[in-house]
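The values are calculated or read from the model by the stated rules, or taken from the named source; none is laboratory data. Not measured: the values here are computed from a predicted model. Positions of Cβ are backbone-derived with ideal geometry, glycine not excepted, and every protein chain shown enters the neighbour counts. We work out accessible area using only protein heavy atoms, side chains counted, and drop any ligands, DNA or RNA first. Shrake-Rupley method; radii C 1.70, N 1.55, O 1.52, S 1.80 Å.
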Amino acid sequence: RPREVICASVYMPMEDKVPGSKVRELVEYCERRGLALIIGADTNCHVEAWGSSNTNERGDGLVEFVMSTKL
């Protein structure tokens, strides 16, 4: 059975909160409708688990969001 998939390209500037309100709205939209979501992003986040040499506050915030939304 075909499944609808939403694909998004996202840039998260250093001066903006991670993730931004538009990303949160998109995730909520897909969750409510049971849609698959693929996000390609330049997040300006550092997370050692993703291969960075360190983890920064932005990285911690994004990891927390990803884990809380099952992305």
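Annotations
- Phi-derived couplings, Karplus 6.51 cos²θ - 1.76 cosθ + 1.60 at θ = phi - 60°, listed residue by residue for region 55-65: 10, 10, 4, 4, x, 4, x, 5, 4, 4, 5 Hz, with x used for Gly and Pro.
- Near the amide H of T55, within less than 5 Å, lie the amide hydrogens of E48, all on another chain or at least 5 residues away, with H placed in the peptide plane.
- Neighbourhood charge, 14 Å Cβ-Cβ cut-off, centred on S68 and excluding it, Lys, Arg +1 and Asp, Glu -1: -2
- Sorted largest first, extent of the chain alpha carbons per principal axis (Å): 42, 23, 20
- Only protein atoms count toward the accessible area here, which uses a 1.4 Å probe; on region 19-71, the carbon and sulfur part of that area reaches 50 percent.
- Where labels lie 7 Å past Cα in the beta-carbon direction, separation of S21 and I38 in nm: 3.0 nm
- Amide H to amide H distances under 5 Å link L37 with I6, where only residues 5 or more positions off or on other chains count and H is placed in the peptide plane.
- Per residue, the solvent-accessible area of the chain (1.4 Å probe, heavy atoms of protein chains only, all protein chains present) comes to 74 Å².
- Long-range amide H partners of V10 with built H, under 5 Å: G40, A41, D42
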